[in-house]
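Contents: one structure, followed by commentary.
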Amino acid sequence: MSFKKAIISGITGQDGSYLAELLLSKGYEVYGLQRRASLPNTERIDHLYSNVEHPNFFMMYADLTDADNLNRIIQKVQPNEIYNLGAQSHVGVSFDVPEYTMNVNAMGALHFLEAIRNQNFPVRFYQASSSEMFGKVLATPQNETTPFNPQSPYGLSKVCAFYLTKMYRTGFGVFASNGILFNHESPRRGLNFVTRKITLGLARLKLGLQPLLRLGNLNAVRDWGFSKDYVEAIWRIVQYEKSDDFVVATGETHTVREFVEAVGRFHGFDIVWQGAGLDEKGINRKTNQTIVEVDPIFFRPNEVDLLQGDAHKAKKLLGWQPKTTFSELASIMAESDLALAEQEFKLGKPVVSQRRFAV
Ligand code: NAP
Ligand code: F7E
(Lines give C-alpha, C1' and ligand atoms only; values in the text may rest on other atoms or scores of the structure.)
(Ligands and ions follow the chains in the order given, each with its own letter.)
Protein backbone atom coordinates (compact mmCIF):
# COMPACT_ATOMS: atom_id res chain seq x y z
CA MET A 1 0.00 0.00 0.00
CA SER A 2 1.46 3.36 -0.94
CA PHE A 3 0.95 6.25 1.46
CA LYS A 4 0.89 9.91 0.63
CA LYS A 5 3.68 11.72 2.45
CA ALA A 6 3.08 15.14 3.99
CA ILE A 7 5.42 17.57 5.71
CA ILE A 8 3.78 19.89 8.25
CA SER A 9 5.63 22.94 9.57
CA GLY A 10 4.09 24.31 12.77
CA ILE A 11 3.02 20.80 13.84
CA THR A 12 3.41 21.70 17.53
CA GLY A 13 0.85 24.51 17.11
CA GLN A 14 -2.95 24.49 17.25
CA ASP A 15 -3.67 23.80 13.56
CA GLY A 16 -0.61 21.59 13.02
CA SER A 17 -1.77 19.20 15.71
CA TYR A 18 -5.33 18.89 14.32
CA LEU A 19 -4.06 18.58 10.75
CA ALA A 20 -1.64 15.82 11.78
CA GLU A 21 -4.54 13.88 13.32
CA LEU A 22 -6.62 14.35 10.16
CA LEU A 23 -3.85 13.22 7.79
CA LEU A 24 -2.96 10.20 9.96
CA SER A 25 -6.64 9.20 9.94
CA LYS A 26 -6.48 9.30 6.14
CA GLY A 27 -3.45 6.96 6.07
CA TYR A 28 -0.78 9.58 5.33
CA GLU A 29 2.84 9.37 6.43
CA VAL A 30 3.24 12.60 8.40
CA TYR A 31 6.57 14.35 8.92
CA GLY A 32 6.31 17.11 11.50
CA LEU A 33 8.86 19.89 11.72
CA GLN A 34 9.69 20.90 15.25
CA ARG A 35 12.02 23.69 16.32
CA ARG A 36 14.39 23.07 19.15
CA ALA A 37 13.19 24.38 22.51
CA SER A 38 14.80 24.21 25.94
CA LEU A 39 11.62 22.73 27.40
CA PRO A 40 9.20 20.35 25.62
CA ASN A 41 6.95 22.15 23.12
CA THR A 42 5.06 19.04 21.97
CA GLU A 43 2.13 19.03 24.38
CA ARG A 44 -0.44 19.23 21.55
CA ILE A 45 0.98 16.20 19.72
CA ASP A 46 2.33 14.04 22.52
CA HIS A 47 -0.60 11.66 22.03
CA LEU A 48 0.62 10.98 18.47
CA TYR A 49 4.17 10.16 19.47
CA SER A 50 3.77 6.48 20.19
CA ASN A 51 5.11 4.87 17.04
CA VAL A 52 3.16 1.71 17.84
CA GLU A 53 -0.18 3.44 17.48
CA HIS A 54 0.96 5.79 14.72
CA PRO A 55 3.81 4.10 12.83
CA ASN A 56 3.42 6.75 10.11
CA PHE A 57 4.27 9.73 12.31
CA PHE A 58 7.77 11.20 12.32
CA MET A 59 9.31 14.34 13.78
CA MET A 60 12.30 16.24 12.42
CA TYR A 61 14.09 19.30 13.74
CA ALA A 62 13.78 22.38 11.54
CA ASP A 63 13.48 26.13 11.81
CA LEU A 64 11.77 28.12 9.07
CA THR A 65 14.69 30.54 8.99
CA ASP A 66 17.09 27.72 7.98
CA ALA A 67 16.69 27.23 4.20
CA ASP A 68 19.39 24.57 3.80
CA ASN A 69 17.83 22.31 6.38
CA LEU A 70 14.35 22.65 4.85
CA ASN A 71 15.81 21.80 1.46
CA ARG A 72 17.61 18.74 2.87
CA ILE A 73 14.43 17.54 4.57
CA ILE A 74 12.40 17.86 1.37
CA GLN A 75 15.01 15.91 -0.57
CA LYS A 76 15.10 13.20 2.06
CA VAL A 77 11.33 12.81 2.57
CA GLN A 78 10.25 13.48 -1.04
CA PRO A 79 6.77 14.53 0.16
CA ASN A 80 3.61 14.71 -1.97
CA GLU A 81 2.33 17.66 0.06
CA ILE A 82 3.83 20.40 2.24
CA TYR A 83 1.64 22.34 4.68
CA ASN A 84 3.41 25.52 5.81
CA LEU A 85 1.63 26.31 9.07
CA GLY A 86 4.69 27.45 11.03
CA ALA A 87 4.71 31.14 11.96
CA GLN A 88 5.24 33.77 14.60
CA SER A 89 1.46 33.91 14.66
CA HIS A 90 0.69 36.55 17.29
CA VAL A 91 -0.36 39.90 15.83
CA GLY A 92 0.30 41.86 19.05
CA VAL A 93 3.76 40.31 19.50
CA SER A 94 4.64 41.12 15.89
CA PHE A 95 4.80 44.83 16.80
CA ASP A 96 7.57 43.93 19.28
CA VAL A 97 9.47 41.56 16.98
CA PRO A 98 8.78 42.80 13.44
CA GLU A 99 12.02 41.64 11.83
CA TYR A 100 11.80 38.16 13.33
CA THR A 101 8.14 37.95 12.25
CA MET A 102 9.08 38.82 8.65
CA ASN A 103 11.98 36.35 8.71
CA VAL A 104 9.90 33.42 9.89
CA ASN A 105 6.61 34.13 8.14
CA ALA A 106 7.72 35.57 4.80
CA MET A 107 11.20 34.10 4.32
CA GLY A 108 10.01 30.74 5.70
CA ALA A 109 7.49 30.47 2.86
CA LEU A 110 10.14 31.51 0.34
CA HIS A 111 12.53 28.84 1.62
CA PHE A 112 9.92 26.15 0.98
CA LEU A 113 8.94 27.52 -2.41
CA GLU A 114 12.55 27.74 -3.62
CA ALA A 115 13.25 24.21 -2.40
CA ILE A 116 10.16 22.92 -4.25
CA ARG A 117 11.11 24.79 -7.42
CA ASN A 118 14.47 23.00 -7.39
CA GLN A 119 13.01 19.49 -7.01
CA ASN A 120 12.24 17.18 -9.91
CA PHE A 121 9.26 15.49 -8.26
CA PRO A 122 5.76 17.02 -7.94
CA VAL A 123 4.93 18.60 -4.56
CA ARG A 124 1.74 20.39 -3.57
CA PHE A 125 2.36 23.40 -1.28
CA TYR A 126 -0.10 25.00 1.14
CA GLN A 127 0.52 28.46 2.60
CA ALA A 128 -1.26 29.46 5.83
CA SER A 129 -2.46 32.90 4.77
CA SER A 130 -4.59 35.03 7.05
CA SER A 131 -7.55 37.39 7.23
CA GLU A 132 -5.12 39.81 8.92
CA MET A 133 -3.97 40.61 5.37
CA PHE A 134 -7.27 42.50 4.90
CA GLY A 135 -6.40 44.65 7.92
CA LYS A 136 -8.35 47.89 7.92
CA VAL A 137 -10.87 46.39 5.56
CA LEU A 138 -11.65 48.00 2.21
CA ALA A 139 -14.88 46.01 1.70
CA THR A 140 -17.14 43.81 3.83
CA PRO A 141 -17.42 40.84 3.80
CA GLN A 142 -13.94 39.93 2.54
CA ASN A 143 -13.45 37.38 -0.22
CA GLU A 144 -10.64 36.32 -2.58
CA THR A 145 -10.92 39.57 -4.59
CA THR A 146 -10.91 42.01 -1.66
CA PRO A 147 -7.76 44.19 -1.65
CA PHE A 148 -5.34 43.78 1.24
CA ASN A 149 -4.64 46.60 3.70
CA PRO A 150 -2.47 45.06 6.46
CA GLN A 151 -1.99 46.90 9.75
CA SER A 152 0.76 44.94 11.52
CA PRO A 153 4.14 43.37 10.83
CA TYR A 154 2.30 40.04 11.06
CA GLY A 155 -0.25 41.08 8.41
CA LEU A 156 2.52 42.39 6.17
CA SER A 157 4.58 39.21 6.52
CA LYS A 158 1.54 37.16 5.50
CA VAL A 159 0.85 39.40 2.48
CA CYS A 160 4.45 38.83 1.36
CA ALA A 161 4.12 35.05 1.75
CA PHE A 162 0.73 35.13 -0.02
CA TYR A 163 2.17 36.84 -3.10
CA LEU A 164 5.28 34.64 -3.10
CA THR A 165 2.99 31.61 -3.16
CA LYS A 166 0.97 33.08 -6.01
CA MET A 167 4.09 34.09 -7.92
CA TYR A 168 5.63 30.58 -7.70
CA ARG A 169 2.30 29.24 -8.98
CA THR A 170 1.99 31.56 -11.97
CA GLY A 171 5.69 32.03 -12.73
CA PHE A 172 7.20 28.61 -12.02
CA GLY A 173 4.19 26.31 -12.29
CA VAL A 174 4.44 25.16 -8.68
CA PHE A 175 1.20 23.71 -7.21
CA ALA A 176 1.02 26.36 -4.50
CA SER A 177 -2.24 27.36 -2.81
CA ASN A 178 -3.21 29.94 -0.21
CA GLY A 179 -5.86 29.33 2.42
CA ILE A 180 -6.96 32.74 3.69
CA LEU A 181 -8.23 31.61 7.06
CA PHE A 182 -10.22 33.82 9.39
CA ASN A 183 -9.75 33.48 13.18
CA HIS A 184 -10.18 29.91 14.33
CA GLU A 185 -9.94 28.67 17.88
CA SER A 186 -10.09 25.53 20.01
CA PRO A 187 -9.09 24.19 23.41
CA ARG A 188 -5.58 23.99 21.89
CA ARG A 189 -5.45 27.73 21.12
CA GLY A 190 -2.40 29.55 22.49
CA LEU A 191 -3.01 31.10 25.91
CA ASN A 192 -2.42 34.70 24.84
CA PHE A 193 -5.04 34.84 22.07
CA VAL A 194 -8.18 36.56 23.24
CA THR A 195 -10.62 33.60 23.16
CA ARG A 196 -8.37 31.28 25.18
CA LYS A 197 -7.46 34.08 27.56
CA ILE A 198 -11.20 34.52 28.20
CA THR A 199 -12.04 30.80 28.56
CA LEU A 200 -9.15 30.08 30.95
CA GLY A 201 -9.59 33.39 32.80
CA LEU A 202 -13.33 32.92 33.46
CA ALA A 203 -12.85 29.26 34.47
CA ARG A 204 -10.21 30.27 37.02
CA LEU A 205 -12.41 33.12 38.18
CA LYS A 206 -15.33 30.77 38.72
CA LEU A 207 -13.19 28.59 41.01
CA GLY A 208 -11.75 31.57 42.88
CA LEU A 209 -8.27 31.08 41.39
CA GLN A 210 -8.22 34.49 39.67
CA PRO A 211 -9.93 37.70 40.85
CA LEU A 212 -10.38 39.51 37.54
CA LEU A 213 -9.95 39.22 33.76
CA ARG A 214 -8.16 42.16 32.10
CA LEU A 215 -8.69 42.65 28.38
CA GLY A 216 -7.89 45.22 25.70
CA ASN A 217 -10.28 46.27 22.91
CA LEU A 218 -13.70 44.79 23.70
CA ASN A 219 -15.19 46.26 20.52
CA ALA A 220 -13.02 44.28 18.07
CA VAL A 221 -15.21 42.22 15.75
CA ARG A 222 -14.04 38.82 14.52
CA ASP A 223 -15.35 35.92 12.46
CA TRP A 224 -14.48 33.03 14.79
CA GLY A 225 -14.57 29.39 13.70
CA PHE A 226 -13.34 26.04 15.08
CA SER A 227 -9.83 24.90 14.19
CA LYS A 228 -10.89 21.27 13.69
CA ASP A 229 -13.36 22.37 10.98
CA TYR A 230 -10.72 24.57 9.35
CA VAL A 231 -8.00 21.89 8.95
CA GLU A 232 -10.55 19.94 6.89
CA ALA A 233 -10.72 22.97 4.55
CA ILE A 234 -6.91 23.13 4.44
CA TRP A 235 -6.73 19.51 3.31
CA ARG A 236 -9.44 20.04 0.68
CA ILE A 237 -7.59 23.07 -0.72
CA VAL A 238 -4.53 20.89 -1.33
CA GLN A 239 -6.61 18.07 -2.91
CA TYR A 240 -8.39 20.46 -5.32
CA GLU A 241 -7.79 19.89 -9.04
CA LYS A 242 -5.65 23.04 -9.36
CA SER A 243 -3.79 25.38 -7.06
CA ASP A 244 -5.75 28.48 -6.10
CA ASP A 245 -6.59 30.88 -3.24
CA PHE A 246 -9.54 30.28 -0.90
CA VAL A 247 -11.16 32.23 1.92
CA VAL A 248 -12.14 30.00 4.86
CA ALA A 249 -14.58 31.61 7.32
CA THR A 250 -17.98 31.27 8.98
CA GLY A 251 -19.37 34.60 7.71
CA GLU A 252 -20.69 35.32 11.21
CA THR A 253 -19.25 38.09 13.38
CA HIS A 254 -19.09 38.79 17.11
CA THR A 255 -17.33 41.28 19.34
CA VAL A 256 -14.81 40.32 22.00
CA ARG A 257 -17.47 41.46 24.48
CA GLU A 258 -19.92 38.90 23.04
CA PHE A 259 -17.35 36.13 23.38
CA VAL A 260 -16.99 37.04 27.08
CA GLU A 261 -20.80 36.92 27.45
CA ALA A 262 -21.05 33.51 25.73
CA VAL A 263 -18.39 32.00 28.00
CA GLY A 264 -20.00 33.73 31.01
CA ARG A 265 -23.34 32.07 30.15
CA PHE A 266 -21.63 28.66 30.16
CA HIS A 267 -20.48 29.35 33.74
CA GLY A 268 -23.86 30.71 34.83
CA PHE A 269 -22.68 34.33 35.01
CA ASP A 270 -25.09 37.06 33.96
CA ILE A 271 -22.70 39.73 32.69
CA VAL A 272 -23.79 43.35 32.34
CA TRP A 273 -21.51 46.10 31.08
CA GLN A 274 -21.14 49.44 32.84
CA GLY A 275 -19.06 52.49 31.93
CA ALA A 276 -17.31 53.23 28.65
CA GLY A 277 -13.81 53.17 27.16
CA LEU A 278 -11.10 52.51 29.75
CA ASP A 279 -13.74 52.59 32.51
CA GLU A 280 -15.90 49.86 31.04
CA LYS A 281 -16.44 46.90 33.36
CA GLY A 282 -18.17 43.54 33.04
CA ILE A 283 -20.18 42.80 36.18
CA ASN A 284 -21.84 39.56 37.22
CA ARG A 285 -25.36 40.79 37.99
CA LYS A 286 -26.03 37.80 40.24
CA THR A 287 -23.17 38.62 42.67
CA ASN A 288 -22.40 42.25 41.75
CA GLN A 289 -18.76 41.13 41.30
CA THR A 290 -16.63 42.95 38.69
CA ILE A 291 -15.15 40.20 36.56
CA VAL A 292 -13.80 42.05 33.50
CA GLU A 293 -11.84 45.30 33.29
CA VAL A 294 -10.17 47.09 30.39
CA ASP A 295 -6.38 47.42 30.52
CA PRO A 296 -4.73 49.59 27.84
CA ILE A 297 -1.55 47.47 27.89
CA PHE A 298 -3.49 45.08 25.66
CA PHE A 299 -4.23 47.74 23.03
CA ARG A 300 -2.23 47.49 19.81
CA PRO A 301 -0.43 50.33 17.96
CA ASN A 302 -2.78 49.63 15.02
CA GLU A 303 -6.01 47.72 15.46
CA VAL A 304 -8.00 45.64 12.99
CA ASP A 305 -11.57 46.56 13.91
CA LEU A 306 -13.64 44.12 11.91
CA LEU A 307 -13.12 40.94 9.92
CA GLN A 308 -15.91 39.01 8.23
CA GLY A 309 -15.20 36.35 5.64
CA ASP A 310 -17.16 35.30 2.59
CA ALA A 311 -16.32 31.62 2.01
CA HIS A 312 -18.70 30.99 -0.91
CA LYS A 313 -15.85 29.92 -3.18
CA ALA A 314 -14.69 27.23 -0.71
CA LYS A 315 -18.26 26.02 -0.36
CA LYS A 316 -18.82 25.87 -4.12
CA LEU A 317 -15.51 24.39 -5.27
CA LEU A 318 -14.39 22.40 -2.22
CA GLY A 319 -17.77 21.49 -0.74
CA TRP A 320 -16.53 22.88 2.58
CA GLN A 321 -18.58 24.67 5.19
CA PRO A 322 -18.11 25.13 8.94
CA LYS A 323 -19.91 22.72 11.26
CA THR A 324 -19.43 24.37 14.65
CA THR A 325 -21.46 27.41 15.70
CA PHE A 326 -20.14 30.37 17.72
CA SER A 327 -21.92 29.30 20.91
CA GLU A 328 -20.78 25.67 20.48
CA LEU A 329 -17.21 26.90 20.07
CA ALA A 330 -17.42 29.04 23.20
CA SER A 331 -18.85 26.08 25.15
CA ILE A 332 -16.25 23.57 23.87
CA MET A 333 -13.45 25.91 24.96
CA ALA A 334 -15.11 26.91 28.25
CA GLU A 335 -15.69 23.28 29.20
CA SER A 336 -12.12 22.28 28.43
CA ASP A 337 -10.67 25.16 30.46
CA LEU A 338 -13.02 24.49 33.35
CA ALA A 339 -11.52 20.98 33.51
CA LEU A 340 -8.04 22.52 33.47
CA ALA A 341 -8.93 24.99 36.22
CA GLU A 342 -10.46 22.17 38.32
CA GLN A 343 -7.17 20.29 38.01
CA GLU A 344 -5.34 23.43 39.20
CA PHE A 345 -7.79 23.78 42.10
CA LYS A 346 -7.11 20.20 43.23
CA LEU A 347 -3.34 20.54 42.84
CA GLY A 348 -3.32 23.93 44.55
CA LYS A 349 -1.05 25.32 41.85
CA PRO A 350 -1.32 26.39 38.20
CA VAL A 351 -1.00 23.76 35.47
CA VAL A 352 -0.14 26.47 32.93
CA SER A 353 1.84 29.63 33.67
CA GLN A 354 -0.12 32.21 35.61
CA ARG A 355 2.24 34.94 34.48
CA ARG A 356 0.22 37.94 33.42
CA PHE A 357 -0.10 37.66 29.66
CA ALA A 358 1.87 40.47 28.07
CA VAL A 359 -0.41 40.61 25.05
P1 NAP B 1 0.26 28.56 16.51
O2 NAP B 1 -0.56 27.71 17.43
O3 NAP B 1 0.88 29.80 17.03
O4 NAP B 1 1.42 27.62 15.92
C5 NAP B 1 2.51 28.15 15.22
C6 NAP B 1 3.50 27.04 14.95
O7 NAP B 1 4.63 27.59 14.27
C8 NAP B 1 4.06 26.36 16.22
O9 NAP B 1 4.22 24.99 15.96
C10 NAP B 1 5.41 27.03 16.38
O11 NAP B 1 6.35 26.27 17.09
C12 NAP B 1 5.82 27.13 14.91
N13 NAP B 1 6.91 28.09 14.70
C14 NAP B 1 7.01 29.35 15.14
N15 NAP B 1 8.19 29.89 14.76
C16 NAP B 1 8.84 28.94 14.07
C17 NAP B 1 10.11 28.87 13.45
N18 NAP B 1 10.95 29.91 13.45
N19 NAP B 1 10.46 27.74 12.82
C20 NAP B 1 9.63 26.66 12.82
N21 NAP B 1 8.41 26.66 13.40
C22 NAP B 1 8.04 27.78 14.03
O23 NAP B 1 -0.58 28.96 15.22
P24 NAP B 1 -1.95 28.35 14.64
O25 NAP B 1 -3.08 29.06 15.25
O26 NAP B 1 -1.88 26.86 14.69
O27 NAP B 1 -1.87 28.84 13.13
C28 NAP B 1 -1.25 28.05 12.13
C29 NAP B 1 -0.86 28.93 10.95
O30 NAP B 1 -2.03 29.55 10.41
C31 NAP B 1 0.08 30.07 11.28
O32 NAP B 1 0.91 30.27 10.16
C33 NAP B 1 -0.83 31.27 11.48
O34 NAP B 1 -0.13 32.46 11.21
C35 NAP B 1 -1.88 30.96 10.44
N36 NAP B 1 -3.22 31.49 10.70
C37 NAP B 1 -3.82 31.23 11.89
C38 NAP B 1 -5.11 31.69 12.11
C39 NAP B 1 -5.83 31.40 13.41
O40 NAP B 1 -6.83 32.06 13.67
N41 NAP B 1 -5.40 30.44 14.19
C42 NAP B 1 -5.79 32.39 11.10
C43 NAP B 1 -5.14 32.60 9.89
C44 NAP B 1 -3.86 32.13 9.70
P45 NAP B 1 6.42 26.30 18.72
O46 NAP B 1 5.33 25.38 19.18
O47 NAP B 1 7.78 25.81 18.99
O48 NAP B 1 6.17 27.73 19.13
O1 F7E C 1 -7.06 39.11 18.99
C2 F7E C 1 -8.58 41.92 20.73
C3 F7E C 1 -7.40 42.17 19.82
O4 F7E C 1 -4.91 37.99 19.50
C5 F7E C 1 -8.39 39.23 18.52
C6 F7E C 1 -4.11 35.01 14.98
O7 F7E C 1 -4.42 33.65 14.96
O8 F7E C 1 -6.21 35.62 13.99
C9 F7E C 1 -5.39 35.82 15.12
O10 F7E C 1 -5.05 37.20 15.26
C11 F7E C 1 -8.93 40.60 18.85
C12 F7E C 1 -7.97 41.73 18.49
O13 F7E C 1 -6.24 37.35 17.42
C14 F7E C 1 -7.28 41.28 24.04
O15 F7E C 1 -7.00 43.53 19.90
C16 F7E C 1 -8.89 42.43 23.17
O17 F7E C 1 -8.71 42.77 17.93
O18 F7E C 1 -7.05 36.65 19.60
P19 F7E C 1 -6.27 37.71 18.96
P20 F7E C 1 -5.93 38.21 16.11
O21 F7E C 1 -5.09 39.39 16.40
O22 F7E C 1 -7.23 38.46 15.44
C23 F7E C 1 -5.62 35.98 12.74
C24 F7E C 1 -6.61 35.67 11.65
C25 F7E C 1 -4.29 35.39 12.54
O26 F7E C 1 -3.89 35.08 11.41
C27 F7E C 1 -3.37 35.37 13.70
O28 F7E C 1 -2.33 34.41 13.52
O29 F7E C 1 -9.10 40.68 20.26
N30 F7E C 1 -8.24 41.80 22.15
N31 F7E C 1 -8.30 42.14 24.34
C32 F7E C 1 -7.25 41.06 22.65
N33 F7E C 1 -6.37 40.24 22.07
C34 F7E C 1 -5.47 39.60 22.86
N35 F7E C 1 -4.59 38.76 22.30
N36 F7E C 1 -5.44 39.81 24.23
C37 F7E C 1 -6.33 40.63 24.87
O38 F7E C 1 -6.29 40.80 26.07
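The values are calculated or read from the model by the stated rules, or taken from the named source; none is laboratory data. For clarity, every value in this text was computed on a predicted model and none was experimentally measured. Every residue, glycine as well, gets a Cβ built from its backbone with ideal geometry; the counts of neighbours run over all protein chains shown. Surface accessibility is based on the protein's heavy atoms, side chains included, excluding ligands, DNA and RNA. Shrake-Rupley method; radii C 1.70, N 1.55, O 1.52, S 1.80 Å.
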Exercise. For I82, what is the net charge nearby, where nearby means another residue's Cβ is under 15 Å from its Cβ and Lys, Arg count +1, Asp, Glu -1?
Worked result: +3
Seminar exercise, completed: Relative contact order as a percentage, region 92-215, C-alpha pairs under 8 Å and 6+ apart, gives 26
Problem set entry | Segments 36-42, 199-205 sorted - mean Cβ within 10 Å per residue, highest first | 199-205, 36-42
Exercise. Could you give the angle, 0 to 90 degrees to the nearest 10, between helix 153-172's Cα long axis and the longest principal axis of the Cα atoms of the chain?
Worked result: 20
Exercise. Could you give me the ³J(HN,Hα) list for region 32-45, computed from phi with Karplus coefficients 6.51, -1.76, 1.60 and θ = phi - 60°, whole Hz, x at Gly and Pro?
Worked result: x, 9, 10, 8, 5, 9, 6, 10, x, 10, 10, 3, 6, 10
Exercise. What is the distance, in nm, between label points placed 7 Å from the Cα along the Cα-to-Cβ direction at D46 and at N288?
Worked result: 4.5
Problem set entry | Viscosity 1.002 mPa s, 20 °C: Kirkwood-radius Stokes-Einstein D of region 2-92 over Cα pairs, µm²/s | 161
For this session: Using the Karplus curve 6.51 cos²θ - 1.76 cosθ + 1.60 with θ = phi - 60°, work out ³J(HN,Hα) for each residue of region 318-325 in order, rounded to whole Hz, and write x for Gly and Pro.
Result: 10, x, 9, 8, x, 9, 9, 7
Exercise. So, with +1 on the Cβ of K and R and -1 on the Cβ of D and E, and no other charges, what is the size of the charge dipole of the chain about its Cα centre, to the nearest 20 debye?
Worked result: 320
For this session: List the relative contact order of region 20-77 as a percent without decimals, with contacts defined as Cα pairs under 8 Å and 6+ residues apart.
Result: 38
Problem set entry | Hydrodynamic radius by Kirkwood, which averages 1/r over all alpha carbon pairs of region 225-359, in angstrom | 18.0
Exercise. Does a label point 7 Å from the Cα of V272, set along Cα-to-beta-carbon, have any residues of region 201-217 with amide nitrogen under 20 Å, and which are they?
Worked result: 213
Exercise. What accessible area, in Å² to the nearest ten, does a 1.4 Å probe give for D68?
Worked result: 110
Exercise. Any idea how far apart E144 and Y240 come out in nm if each label point goes 7 Å out from Cα toward Cβ?
Worked result: 0.4
For this session: Write down the Kirkwood hydrodynamic radius of region 65-131, to one decimal in angstroms, obtained as one divided by the mean of 1/r over all alpha carbon pairs.
Result: 12.7
For this session: Give, to the nearest whole percent, the P(r) tail of the chain beyond 34 angstrom, counting all Cα pairs.
Result: 26
Problem set entry | Protein accessible area in region 1-129, 1.4 Å probe - carbon and sulfur % | 49
For this session: Mind checking region 74-162 for GluC sites (Glu not before Pro) that DSSP puts in a loop (not H, G, I, E or B) and that have at most 16 other Cβ atoms within 10 Å?
Result: E144
For this session: Could you work out the relative contact order of the chain, using alpha carbon pairs under 8 angstrom and six or more residues apart, expressed as a whole percent?
Result: 16
Exercise. With N residues in region 85-200, what two-decimal value do you get for its Cα radius of gyration over 2.2 N^0.38 Å?
Worked result: 1.12
